[in-house]
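Worksheet: the structure to be examined is printed underneath.
The values are calculated or read from the model by the stated rules, or taken from the named source; none is laboratory data. Note that this is a predicted model, so its numbers are computed, not measured. Quick reminder, even Gly has a Cβ in these numbers, built from the backbone with ideal geometry, and neighbours come from all protein chains shown. Accessible surface areas use protein heavy atoms only, side chains included; no ligands, DNA or RNA. Shrake-Rupley method; radii C 1.70, N 1.55, O 1.52, S 1.80 Å.
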Amino acid sequence: MTLVRIDKKNWTEGLTAAADAYRLYGPAKEKDYHQFKELEKGEMPDLDMVNTRLSPKALLFPQSEDMLEYSLDESRDDHHIMKEVPRDDAPRAVVGIRPCDAKATELVKLNFDTPDVKDPYWLKAYEATTFVGVACDTPLSTCFCTSAGCGPYNADGLDILAMEREDGFLAKILTDKGQAFAEVAGWNQATPEAAEAFMAAKDAAEARIVSKIEADNLADTDLLELHGAPFWEDLAFACLNCGTCTFSCPTCWCFDIQDEVHGKSGVRMKNWDSCMFPIFTVHTTGHNPRDTKTQRVRQRFMHKLKYFVDKYETGIMCVGCGRCVRQCPVNIDIRRVCEKMNSFKPADACAVQG
């Protein structure tokens, strides 16, 4: 790891230089919210935000992505032959990503990069991307990252972690990707004494986190007994099945594959999907094994807080960004759900049944 100092002029000049070798993405203000987008020539990431409304997961996992294309025109020699849609996998850098979203990328990678199955679309985008994170010094009241295996200065998933200061930035160069980006940007002013500044800022930022969860009992709780807990119906009562929680979540990875044909031209695409949607689990027979919203709400939280915990043994499938807490239109709160799941005892169910 290398520690460097970047003054404001070097920051701007460095990103301008990097734009010749990388496609740059960063947060930009759009009406009332910040969103990640590809930056125009000379445009700088707008870091005057706590976090974006939607996570930057779409940069690796687009909401809709064309995979294959084909023609139904039988006069063509290549009719009915699937062909891969051309992709641009040139180097790119995401500048201004928060540590929670970078950590989320590492959790999503567990699904798209397994020993048995590898998603080439996600992996090619991931391999082409350098993540330049900016630490979070002003967390929101709904942030609970420190108790979700993350934190405002967490470095997991980042190639560079920068800490913003009045006169510029201090940065940790964490990986070879990060070093290559720093060299292109000309960020090479070493400052070993920054280690103490990082530690002090980290402690101060973590102290500002006012919301926490406890998840220490989830791994040891019996899966079937938790699945049959008596609180699911009450938790799901207000749910609209709108999918806002899943679309705003940086760790949700569900998708559907569909064919769309216009005239004699067709495309096979991958689209975001949601376990909150009523037709998500409909079989071709018409049977739906999760045909009630209680079953769907239970599936979401069991996946985040139990199935994932048991399968990967790396903690919960959540980084504590608080997006679902802030955006749920009926105030279903994953922190309260986690509390109920973590404190659940089989005796609780027996008492209700008795």
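Return the sequence-ordered ³J(HN,Hα) values of the stretch 139-151 in whole Hz as given by the Karplus equation 6.51 cos²θ - 1.76 cosθ + 1.60 applied to θ = phi - 60°, using x for Gly and Pro.
x, 7, 5, 8, 7, 9, 4, 5, 9, 10, x, 9, x
So how many Lys-Lys pairs in the stretch 218-343 land under 26 Å Cα to Cα, not counting same-chain pairs under 8 apart?
Lysine pairs, 8 or more places apart or on different chains, close enough: 10.
Among the DSSP beta bridges whose two residues both lie in the chain, what percent are antiparallel, rounded to the nearest 5? Each step should come with its number before you reach the end.
Details: 37 of 48 bridges.
Once the DSSP bridges in the chain are tallied, antiparallel ones form about 75 percent.
Give the accessible surface of the stretch 94-252 per residue, rounded to a whole number of Å², with probe radius 1.4 Å and ligands, DNA and RNA excluded. Display every interim value, and only then the final one.
Details: 6930 Å² over 159 residues.
That works out to 44 Å² for each residue.
So what is the calculated 222 nm ellipticity per residue for the chain, using -39500 (n - 2.57) for each DSSP H run with n of 4 or more, over all residues, to the nearest 500 deg cm²/dmol?
Details: 13 runs with 109 residues, N = 354.
It lands at -8500 deg cm²/dmol.
Considering Cα pairs under 8 angstrom that are at least six residues apart, work out the relative contact order of the stretch 15-91 and quote it in whole percent. Provide the component values of the computation, followed by the final result.
Details: 83 pairs, mean separation 17.6, N = 77.
After rounding, I find 23 percent.
Excluding residue 8 itself, what net charge comes from residues whose Cβ is under 15 Å from its Cβ, given Lys and Arg +1 and Asp and Glu -1? Don't skip to the answer; put the middle values down first.
Numbers: positive: 5, 9, 165; negative: 7, 13, 46, 48, 164, 166, 167.
Value of the local net charge: -4.
Classify the chain as rounded, prolate or oblate, taking a ≥ b ≥ c as the square roots of the eigenvalues of its Cα gyration tensor: rounded when a/c is under 1.5, otherwise prolate if a/b is larger than b/c and oblate if not.
Working: a/c = 2.19, a/b = 1.15, b/c = 1.91.
Oblate shape, in that a/c is at least 1.5 and b/c is the bigger or equal ratio.
Could you check what % of the DSSP bridge pairs in the stretch 84-204 are antiparallel, to the nearest 5? Don't jump to the answer; show the numbers that get you there.
On the way: 7 of 15 bridges.
The antiparallel fraction comes to roughly 45 percent.
Which whole-angstrom value gives the distance between the alpha carbon centres of the stretch 2-42 and the stretch 258-311?
Each part reduced to its Cα centre gives a spacing of 36 Å.
Which percentage, to the nearest 5, of the DSSP beta bridges contained in the stretch 22-169 is antiparallel?
Working: 11 of 22 bridges.
Looking only at bridges with both residues in the stretch 22-169, the antiparallel portion is about 50 percent.
Please report the carbon-and-sulfur percent of the accessible area for the stretch 197-336; probe 1.4 Å, protein heavy atoms only, DNA, RNA and ligands left out. Provide the component values of the computation, followed by the final result.
Working: 3810 of 7090 Å².
Ligands and nucleic acids excluded, carbon and sulfur reach 54 percent.
Might you report the magnitude of the Cβ-based charge dipole of the chain about its Cα centre, with Lys and Arg at +1 and Asp and Glu at -1, to the nearest 20 debye?
The dipole of the chain has a size of about 780 debye.
Express the relative contact order of the stretch 114-263 as a whole percentage, based on alpha carbon pairs under 8 Å and six or more residues apart in sequence. Can you show the working numbers first?
Numbers: 110 pairs, mean separation 35.0, N = 150.
Over the stretch 114-263, the number comes to 23 percent.
Can you send over the solvent-accessible area of residue 220, 1.4 Å probe, protein chains only, in Å² to the nearest 10?
130
Between the stretch 78-94 and the stretch 157-179, what's the alpha-carbon centroid distance in Å?
Taking the Cα centre of the stretch 157-179 as reference, the centre of the stretch 78-94 is 31 Å away.
So for the chain, taking the charge dipole from beta-carbon charges (+1 Lys/Arg, -1 Asp/Glu), which of 195, 244, 262 sits furthest toward the positive end?
Of the options given, the answer is 244.
Let's see if you can work this out: charge +1 on each Lys and Arg Cβ, -1 on each Asp and Glu Cβ, no other charges. What is the dipole magnitude of the stretch 26-107 about its Cα centre, in debye to the nearest 20?
Details: 12 positive and 19 negative charges, 119 e Å.
The dipole magnitude comes to about 580 debye.
Out of 174, 229, 97, whose Cα points farthest toward the positive end of the dipole of the chain (charges: +1 Lys, Arg; -1 Asp, Glu; placed on Cβ)?
229
Determine the dipole magnitude for the stretch 225-286: charges of +1 sit on the beta-carbon of Lys and Arg, -1 on that of Asp and Glu, nothing else is charged, the reference point is the Cα centre, and the result goes in debye to the nearest 20.
Charge dipole, the stretch 225-286, about its Cα centre: 380 debye, nearest 20.
Relative contact order for the chain using alpha-carbon pairs under 8 Å, separation at least 6, rounded to a whole percent?
Over the chain, the number comes to 22 percent.
By per-residue mean of other Cβ atoms within 10 Å, what is the highest-first order of 304-315, 257-268, 127-138? Numbers along the way, then the final one.
On the way: 304-315: 16.7, 257-268: 11.9, 127-138: 21.3.
Highest-to-lowest ranking by the protection proxy: 127-138, 304-315, 257-268.
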